[in-house]
Amino acid sequence: MRIVCVGGGPAALYFAICAKRDDAGHDITVREQDPPGATYGWGVVCHDRLLDMLYYTDRESAQEIRQRSTLWQEQEVHLPGSRPGYLPGYGFSVPRTGLLDALRTRADALGVRVTQDDPVPAGALHDNTFAGADLVVVADGARSRLRDHDPSRYGTTVTTGRNPYIWLGTRKQFAAFTFAFEHTTAGWIWCYGYPTSDGVSTFIVECTPETFTGLGLDVLPHADGIAVLQRIFADVLGGAPLLSNSRGRAARWQRFLEVRNTTWVADNTVLLGDAAHTTHFTMGQGTSLAMTDALMLASAIAEHPTIGSALGWFDDRGREALANTQAGARTGAAWFERVDHYLDRDPMEFAYALAHRHGDQPPWRFQLHRATQLAAFRRPRRALHTGRRQWRALRRGEAVPARRPRV
Ligand SMILES: Cc1cc2nc3c(=O)[nH]c(=O)nc-3n(C[C@H](O)[C@H](O)[C@H](O)COP(=O)(O)OP(=O)(O)OC[C@H]3O[C@@H](n4cnc5c(N)ncnc54)[C@H](O)[C@@H]3O)c2cc1C
C-alpha cells in the first residue's frame, strides 16, 4: 500500500513505524515542513501506561525513548510566602527533540522515507498532490492547514482558550513537577516546571489575559518579556536563566486550541493526533494520545480487509475512546482559567483542589492529602511508588538506561 503522511510529529512517525512493522511491503513517506533539527517545545511528560504500550509495540523505539527520558517524583505547589504543598505521583519527561530523533531513526531503519524541509501545501487534499496514494494521513498538528483549508470536510470546530501560555526551558534543575503561582501588580501568573534532560528543565508559563496585558507581555519585545518572567519567577528559578529558543526558534505566546471534528475520515484521508483532537497541555496527554491513535490506525489497517473498513473502525472507536479524556481536559482548562478564585487558600488546600480539579473526591482522600504534607508520611508513599514503578519497568522488560535518571 502507498501511504503518505503529512507532518513528522509523534503521530505520523509512530504510525509509520507501526504500519511498516505490520507490513514491510508498505511504501510510506512522511513529509515534514521543518528542516532537520528544528522543532517547537521542550519536554513532554509521559507515564507508565504509555511506556508499557511502547515496549509492547516496538521495543527498539521504546528503549530509545526511555533512555532519553528523565524521571520526576512528587509534585510541589508553591504559593508566595508559604511552605509548598505536596502531591503524589511520578512521571517521565522526554525532550521533544529527543523523542522525534528516536522515532525518525527507527522509522528510517524500517525503510520509511522521511523527508524534511518539505512543506505540503494547504490545498493538497483538493488537487492531485497525493495522486496514486492509497492512504493520506493528515498529522500536521493542532493548527493543521490541510484540515482548515476546508473545515466542512471533517466537521472541524476549533475553540481558542482564554489564557495565554509560553513553552520555555530553563537551566534550573527541578527534581519534582513544580507548580509556582506568583502575584503581580497586574494579577496572577504561574508556571509548570519539570526536569527534562541533563541540565535543562521545561518551564511553561501561563496567566490570565488581564495579567498578560497588564504586564505588557503582549507588546514587549521578546527578550524584554522573557526578562520580566525571569524577575517574576526569580525565587522558583533560583536565579537560573530561562531559555526561549528551542533549536533555533524563539518561543511565542499562544492560546490553547481545542480541536474537535465530527469525523476523522474523508475518502482515503484520515486525521491523526492533534490534527484530529487536542487535550489541554495541563493534562500532559497529547503525545500519548497521538501515539495511541497511531497504533490503533496501524492495527486497523493490518486487521481489516479494506482501507474503507479500517478507517471506519478507527473513526468510530478512536473518537469513542477519546470522549472522556477530552471532557476531563476541558474541565481542567476551565479550572486554570478561574484559578484566581481558589488562590486565597493555603498551599495544602490549594494543592488538593488543583489535584482534583477534574471531579469530586471522597472525604478520606483529603485527610490522606493533609497527612502526606509531612515528610515522614510522604516517605513510605514514595517508597511504594518507587516499588510500583520498578515492578512495571521489570514487567515490560525495560533495560537499565545508559544515563541513569535522577531518583
Ligand atoms: C505547552 C505544551 C505542553 C505539552 N506537554 C505535553 C506533555 O507533557 N505530554 C504530552 O503527552 N503532550 C504534551 N503536549 C501535547 C503534545 O505536544 C501534542 O499533543 C503532540 O505533539 C501531538 O503530536 P502530533 O504528531 O499530532 O502533532 P505535532 O507534534 O504538532 O506534529 C505536527 C508536525 O507537522 C508538521 N507540519 C505542520 N504543517 C505541515 C505541512 N503543511 N507540511 C509538512 N509538515 C507540516 C509540523 O512541523 C510538526 O512537526 C504539550 C503541548 C503544549 C503546547
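The values are calculated or read from the model by the stated rules, or taken from the named source; none is laboratory data. This one's a predicted model, so the numbers in the text were calculated from it and none came from an experiment. Heads up, the Cβs are rebuilt from the backbone with ideal geometry, glycines too, and the neighbour counts pull from every protein chain shown.
Residues are listed down the side, and each one gets a yes or a no for (1) more than 21 Å from ILE189 (Cα to Cα); (2) out of contact with any Gly (no Cβ under 9 Å at 6 or more places or on another chain); (3) hydroxyl-bearing (Ser, Thr, Tyr):
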| site | (1), (2), (3) |
| --- | --- |
| VAL228 | no, no, no |
| VAL236 | no, no, no |
| VAL270 | yes, yes, no |
| HIS277 | yes, no, no |
>> If I go through region 273-282 residue by residue, how many of them are near the ligand (Cβ under 8 Å from one of its atoms) and within 10 Å of ALA329 (Cα to Cα)?
In response: 3
> Are there any pairs with C-beta distances below 6 angstrom linking a residue in region 28-50 that is among the polar types (S, T, N, Q) to a residue that is part of a loop (DSSP other than H, G, I, E, B) and within 8 Å of the ligand (Cβ to nearest atom), with the two at least 6 apart or on different chains, and if so which?
Replying inline: GLN33/PRO119
> Taking region 66-77, which residues are touching a Ser or Thr at 6+ places or on another chain (Cβ under 9 Å), surrounded by fewer than 22 Cβ atoms within 10 Å (Cβ to Cβ) and farther than 30 Å from GLY8 by Cβ?
Replying inline: GLN73, GLU76
> Any idea how many residues of region 275-321 are over 15 Å from the mean Cα position of the chain (by Cα), in a helix (DSSP H, G or I) and not small (Gly, Ala, Ser)?
Replying inline: 14
>> Consider region 27-59. How many of its residues are over 27 Å from GLY397 (Cβ atoms) and surrounded by fewer than 23 Cβ atoms within 10 Å (Cβ to Cβ)?
In response: 12
> Does region 88-134 hold any residues that are surrounded by fewer than 17 Cβ atoms within 10 Å (Cβ to Cβ), in a loop (DSSP other than H, G, I, E, B) and within 11 Å of the ligand (Cβ to nearest atom), and which are they?
Replying inline: GLN116, ASP117, ASP118, PRO119, PRO121, THR129
> Do we find that ASN245 is out of contact with any Ser or Thr (no Cβ under 8 Å at 6 or more places or on another chain) and at pLDDT below 95 in this structure?
Replying inline: yes
>> All but one of (1) at pLDDT 95 or above; (2) within 14 Å of the ligand (Cβ to nearest atom); (3) under 25 Å from THR196 (Cβ atoms); (4) within 19 Å of the chain's Cα centre (by Cα) hold for VAL138; state the number of the condition that does not hold.
In response: (3)
> Looking only at residues in region 141-177 that are away from the ligand (no atom under 12 Å from the Cβ) and part of a strand (DSSP E or B), which one is surrounded by the fewest Cβ atoms within 10 Å (Cβ to Cβ)?
Replying inline: THR160
>> I'm trying to understand the selection: among the residues of region 69-79, which are assigned to a loop (DSSP other than H, G, I, E, B) and out of contact with any Asp or Glu (no Cβ under 8 Å at 6 or more places or on another chain)?
In response: SER69
